[in-house]
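Peer 1: Dumping the structure here so I can ask a few things about it.
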Amino acid sequence: MNKKLIFIPIIIVLLLVIAYIAANHVATTNAKEQTDNYIHKNKLEKIVSYEKVKASVFPKYISIKNLSINTEEKIIYINEVLVRSLDTKHDIPLYGDIEIRHISSPGSEEFTKIEEKLKKLGYGSLKINFRMKFNSNETARTQNIDYVTTIENAFKAGLIIKLNNVDFKKIREIQKSVSKKSDKLSPDDFRVALQDISDTAISYAEFYFKNEGLIDRLMKKEATDRGISEKKIKENTCKMLDMQIASAKTTAQKDFLKDIRKFIKKPRKISVKISPKTPVKIQEIIQCIMNKNTNKLFSNLNFSIET
């Protein structure tokens, strides 16, 4: 075999590597330019700052490192914002996959309270992460949202929502109204916004909680504080739930409480699901809540729990 032929595959690989690096460099330059343009367009220079932007063509993502958001009330620090996809063609993005890694706000009242409570359970520095994936179809008037929050070594919680009859025009109007007076919003503004989207219907929703150490630490602390065993804590909680099950008026409510009791016995993962036979409008849900008609609410939304 000609010795020169041996080097051909090596040269091809090197060319591919160089092309990949070059493509990533171009992508990074473009991503940084878009980020700076967005900050400038929205007059956020005095509020938002970051250390660096990195982009990759495969796998496709944009990474913004060491981001800080300085508002009048508090400073929010984010270790990394990872954008895997995002619609930039519309005022309200129709799709996106964004992850926020290790968010903190030292000194803020909310963050300090959470940090103090978790320190009592033996946690050190908090590592809080968020991820949101969403996609919309204006023609079909649908929107799907998948939102996840995690605190490392504590829990993972998520919310999945599938919406029908979404009025994107009204949502854009609400967004414009909110952006004009974001620092002067009143309860009336929220009520009006809710009224404007009350025809939106829920076709499916799921909230899930996966225990990754938090429940175990809570039960251990409760047992220590009360001078009893963790087993006794579970037994007492289950007895209380048994009383509520006995007095529950509907089968749906009984099943709901029974599943909670199962989770208390083995706290791993619990999912609360809404899967109505036909989409239920937000307006109908509000009416049931205002009228305290829990039976109708359970029935219409077809509540269920999985553990």
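Bear in mind that the values in this text are calculations on the coordinates, not laboratory data. Being a predicted model, the structure only gives us computed values, none of them experimental. Neighbour counts are summed over all protein chains in view; Cβ atoms, including those assigned to glycine, are modelled from backbone coordinates with ideal geometry.
Peer 1: Expressed in nm to one decimal, what extension gain is obtained for the pair Ala157 and Leu86 from 0.36 nm per residue of sequence separation less their Cα-Cα distance?
Peer 2: Stretched fully, the Ala157-Leu86 segment lengthens by 23.3 nm.
Peer 1: Rounded to the nearest 0.05, what FRET efficiency do Lys46 and Thr237 have when you use their Cβ-Cβ distance and R0 = 35 Å?
Peer 2: The pair Lys46/Thr237 has a calculated efficiency of 0.10.
Peer 1: Okay, next question. Within 14 Å, Cβ to Cβ, of Lys231, how many net charges do the neighbouring residues add up to if Lys/Arg are +1 and Asp/Glu are -1?
Peer 2: Net charge in that neighbourhood comes out at +3.
Peer 1: Would you calculate a helix-derived [θ] at 222 nm for the chain, using -39,500 (n - 2.57) for each DSSP H run of n ≥ 4 and dividing by the full residue count, to the nearest 500?
Peer 2: About -14500 deg cm²/dmol.
Peer 1: Among (1) 1.70; (2) 1.05; (3) 1.29, which one is Cα Rg over 2.2 N^0.38 Å computed from these coordinates?
Peer 2: Label (3) holds the value from this structure.
Peer 1: Moving on. Under a 5 Å amide H to amide H cut-off, with H placed in plane at 1.01 Å, what residues pair with Lys127 once short-range neighbours are removed?
Peer 2: Amide H neighbours of Lys127, under 5 Å, 5+ apart: Glu152.
Peer 1: If you stretched the chain out fully between Asn66 and Ser108, how much longer would it get, using 0.36 nm times the residue separation minus the C-alpha to C-alpha distance?
Peer 2: 13.3 nm
Peer 1: Could you compute the net charge surrounding Lys120? Neighbours are other residues with a C-beta less than 12 Å from the C-beta of Lys120; K and R count +1, D and E count -1.
Peer 2: +2
Peer 1: Given charges of +1 on the Cβ of Lys and Arg and -1 on the Cβ of Asp and Glu, with all other atoms neutral, how large is the dipole of the chain about its Cα centre, in debye to the nearest 20? Walk me through the numbers before you get to the answer.
Peer 2: Details: 55 positive and 37 negative charges, 201 e Å.
Charge dipole of the chain: 960 debye, to the nearest 20.
Peer 1: For a label point 7 Å from the Cα of Tyr77 along Cα→C-beta, name the residues of segment 103-118 whose backbone N is under 17 Å from it.
Peer 2: Flagged as within label range: 103-116.
Peer 1: Go ahead and collect, in residue order, the members of segment 256-289 whose backbone nitrogen is under 19 Å from a label point 7 Å along the Cα-Cβ direction of Lys221.
Peer 2: Only 264, 267-268 pass the distance filter.
Peer 1: Of Lys43/Lys156; Lys65/Lys169; Lys231/Lys281; Lys41/Lys120; Lys170/Lys262; Lys133/Lys269, which pairs sit farther than 32 Å apart, going by alpha carbon to alpha carbon?
Peer 2: Long pairs (Cα-Cα over 32 Å): Lys43/Lys156; Lys65/Lys169; Lys231/Lys281; Lys41/Lys120; Lys170/Lys262.
Peer 1: Provide Ile274, Ile286, Ile260 in ascending order of the number of other Cβ atoms located within 10 Å of each residue's Cβ, fewest first.
Peer 2: Fewest-to-most ranking of Ile274, Ile286, Ile260: Ile286, Ile260, Ile274.
Peer 1: If you don't mind, there's one more thing I want to ask. Sort Glu152, Glu116, Glu72 so the one with the fewest other Cβ atoms within 10 Å of its own Cβ comes first.
Peer 2: The most exposed by this proxy come first: Glu72, Glu116, Glu152.
Peer 1: A further question follows. How much net charge surrounds Asn300 when only the other residues with a Cβ under 11 Å from the Cβ of Asn300 are counted, with Lys and Arg +1 and Asp and Glu -1?
Peer 2: Computed value for this residue: +2.
Peer 1: So, one more: Taking the dipole about the Cα centre of segment 200-307, with the C-beta of Lys and Arg at +1 and of Asp and Glu at -1, give me whichever of Phe256, Phe303, Ser275 is farthest to the positive side.
Peer 2: Phe256
Peer 1: May I ask you to compute the full-extension gain from Asp36 to Phe168, defined as 0.36 nm times their residue separation minus their alpha-carbon distance, rounded to one decimal in nm?
Peer 2: Taking 0.36 nm per residue and subtracting the Cα distance, the gain is 44.7 nm.
Peer 1: Any idea what the dipole of segment 95-177 comes to, in debye rounded to 20, about its Cα centre with Lys/Arg Cβ at +1 and Asp/Glu Cβ at -1?
Peer 2: On the way: 15 positive and 11 negative charges, 24 e Å.
Taking the Cα centre of segment 95-177 as origin, the dipole is about 120 debye.
Peer 1: Compute the acute angle (0 to 90°) between the alpha-carbon long axis of helix 214-226 and the principal axis of greatest extent of the alpha-carbon atoms of the chain; round to the nearest 10°.
Peer 2: 40
Peer 1: Using a Gaussian network model of the chain whose springs link C-alpha atoms within less than 10 Å, name the residue from Asn137, Asn42, Asn236 with the highest mean-square fluctuation.
Peer 2: Sorting by GNM fluctuation, first place goes to Asn42.
Peer 1: A further question on this structure: Angle between the Cα long axis of helix 230-247 and the longest principal axis of the chain, 0 to 90 degrees, nearest 10?
Peer 2: Relative to the chain, helix 230-247 is tipped by roughly 60 degrees.
Peer 1: Among Ile39, Ile161, Ile264, which one shows the biggest mean-square fluctuation in a GNM of the chain, springs joining Cα atoms closer than 10 Å?
Peer 2: Ile39
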